Amino acid sequence: MSLFPNVPKVQYEGRGSKNPFAFKHYNPQEVVLGKTMEEHLRFAVAYWHTFVGSGSDPFGVGTAVRSWDSLSPLDKAKARVEANFELMEKLNIPFYCFHDVDVAPEGATLAESFKNLDTIVALLKDHMKSTGKKLLWNTANLFTNPRFVHGAGTSNNADVFAYSAATIKKGLEVGKELGAENYVFWGGREGYESLLNTDMKLELDNLARLLHMAVDYAREIGFDAQFLIEPKPKEPTKHQYDFDTATTLAFLQNYGLKEHFKMNIEANHATLAGHTFEHELRVARINGVLGSIDANQGDMLLGWDTDEFPTDLYSTTLAMYEILKNGGLGRGGVNFDAKVRRSSFEDEDLFYAHIAGMDAYARGLKAAAKLVEERVLDEIVENRYRSFREGIGADIVSGKATLKSLEAYALQLNQPIKNESGRLEQIRATLNEIIFSV
Ligand code: XLS
Ligand code: CA
Ligand code: CA
């Protein structure tokens, strides 16, 4: 029985198609720079927004109309599994991602929660087997339940730390059972509201202890997923410890965790941190830790995590450029951690939203491939830094130069020193031409 009877299978029809249930750019088998679009993009559905999100906000209850609304908690969970695989099938999306509580209802005790999870995981496994769909990542929700009011791994309450550890242990077992490609740690309430009552050092030490335990346990059970840590600067706490990529990297390095983790970079978290998405991707890339992305976008007029479906071609192009320069995402993928607007409350909107996001990324991929192929930015950057390939610049880069040798050089320089224009407006015009040509 179909849960989305009004939605046909979505196919690629190409540019100019007026069919709202068709891709205009995402052509899975089309080869771009030696790989198919499907291989480059590795799209994933985010279970929490697409099947659990209701459209509620602080001023109003949910608006979404779903066929499973009136079912009991466990039946609802089962219906959502059906919905997940039907949506993935119709949209030709190969992966999905979930938090434990997205897929199965919490019980009155931890043991009951585990039991519910086991029931649904068995169902997910059956569906994965019969459809060939895969799990990009799973994670533990350590932030919604009131027990996490003071954090999870960074809580002042050791019982909460223990509960969180047990939940992660189960998450790793579930990931192994379902063959997850990655396992995500997003620091839900790992942060603080005020230093007045916070032992920051102990909280960070404990967070690192928890992550080390997870690394050890994954090894013990032979779960070989890539571990990902997802930065975010604020929300829900005023100050999240994993503020941005650079901060998270320093934390991982300080605690001897860097070799075990890569980053899951979310566009909206980047902009909340005062960075562009491509900035965060670049920092991760040059440090060898770009693992996966949460594809969405924020609203520059709003200061919170609006998690909108990505439609901004500049952002998808520059993001795909970083990903191509990274040699791809490896085991990672492009996860639509995005929700339809509250006013888009019909089932069909879930499909239109994914089509919009997939086309925006496919087009971003094509534009980025052109930038790479034609070496547009490479040439600009190589030319701009050419002074470091010869003479004094080459001495600096090779380590030959000292303050003394540089002083001697600087003293004989003609004044004023000559600089060249950065040509930014011209470069942006070129970028415009490329984005609109593909
Ligand atoms: C919340 C985060 C979260 C993570 C997974 O802002 O984006 O959904 O991706 O826990
Ligand atoms: Ca996210
Ligand atoms: Ca988010």
For GLU280: the one exception among (1) over 17 Å from ALA46 (Cβ atoms); (2) touching a residue at least 24 places away in the same chain (Cβ under 8 Å); (3) of a type outside the set (Val, Ile, Thr); (4) away from ligand 1 (no atom under 16 Å from the Cβ):
(4)
Quickly run through the stretch 238-277 and pick out the residues that are among the β-branched types (Val, Ile, Thr) and surrounded by fewer than 20 Cβ atoms within 10 Å (Cβ to Cβ).
THR247, THR276
It is to be established whether one or more residues within the stretch 65-81 are in contact (Cβ under 8 Å) with a residue 60 or more places away in the chain, more than 30 Å from ASN27 (Cα to Cα) and exposed (fewer than 14 other Cβ atoms within 10 Å of the Cβ).
yes
From the option list GLU235, GLU230, GLU220, GLU190, single residue qualifying as away from ligand 2 (no atom under 16 Å from the Cβ) and acidic (Asp, Glu) is GLU220
Just to be sure before I move on: is PHE4 at pLDDT 95 or above and in a loop (DSSP other than H, G, I, E, B) in the structure I sent?
yes
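Based on this model, can you work out whether GLY175 counts as within 16 Å of ligand 3 (Cβ to nearest atom), crowded, with 20+ Cβ neighbours inside 10 Å and within 24 Å of the chain's Cα centre (by Cα)? Can you show your working first?
Values: within 16 Å of ligand 3 (Cβ to nearest atom): no; crowded, with 20+ Cβ neighbours inside 10 Å: yes; within 24 Å of the chain's Cα centre (by Cα): yes.
No.
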Residue match in the stretch 385-407 (condition: under 43 Å from the mean Cα position of the chain (by Cα) and within 30 Å of LYS366 (Cα to Cα)):
yes
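Conditions tested, residue by residue: (1) more than 16 Å from ligand 1 (Cβ to nearest atom); (2) touching a residue at least 40 places away in the same chain (Cβ under 8 Å).
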site	(1), (2)
VAL160	yes, no
ALA165	yes, yes
LEU210	no, yes
ASP216	yes, no
Wholly inside the stretch 370-420, helices (runs of 4 or more DSSP H) that include 2 or more residues that are in contact (Cβ under 8 Å) with a residue 24 or more places away in the chain, closer than 24 Å to LYS325 by Cα and touching a helix residue (DSSP H, G or I) at 6+ places or on another chain (Cβ under 8 Å) are 376-384
If you take the residues in the stretch 314-334 that are surrounded by fewer than 18 Cβ atoms within 10 Å (Cβ to Cβ) and touching a helix residue (DSSP H, G or I) at 6+ places or on another chain (Cβ under 8 Å), which one is nearest to ASN138 (Cα to Cα)?
GLY328
If I go through the stretch 23-50 residue by residue, how many of them are in a helix (DSSP H, G or I), under 15 Å from PRO94 (Cβ atoms) and in contact with an Asp or Glu (Cβ under 7 Å, 6 or more places away or on another chain)?
2
Within the stretch 175-225, track down each residue that is within 19 Å of HIS99 (Cα to Cα) and of a type in the set (Asp, Glu).
GLU177, GLU181, GLU190, ASP224
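In this structure, is ASP294 within 16 Å of ligand 3 (Cβ to nearest atom), surrounded by 22 or more Cβ atoms within 10 Å (Cβ to Cβ) and not small (Gly, Ala, Ser)? Give the steps one after another, and end with the answer.
Values: within 16 Å of ligand 3 (Cβ to nearest atom): yes; surrounded by 22 or more Cβ atoms within 10 Å (Cβ to Cβ): yes; not small (Gly, Ala, Ser): yes.
Yes.
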Considering LYS125, LYS134, LYS129, which residue is over 22 Å from LEU210 (Cα atoms) and free of Cβ contacts under 8 Å to residues at least 12 places away in the same chain?
LYS129
Scan the stretch 248-265 residue by residue and report those that are closer than 24 Å to LEU329 by Cβ and more than 16 Å from ligand 1 (Cβ to nearest atom).
LEU249, ALA250, PHE251, LEU252, GLN253, LEU257, LYS258, GLU259, HIS260
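The values are calculated or read from the model by the stated rules, or taken from the named source; none is laboratory data. The structure presented is a predicted model; accordingly, all values stated were derived computationally and were not measured. As a convention, Cβ positions derive from the backbone with ideal geometry for all residues, glycine included, and neighbour counts pool all protein chains shown.
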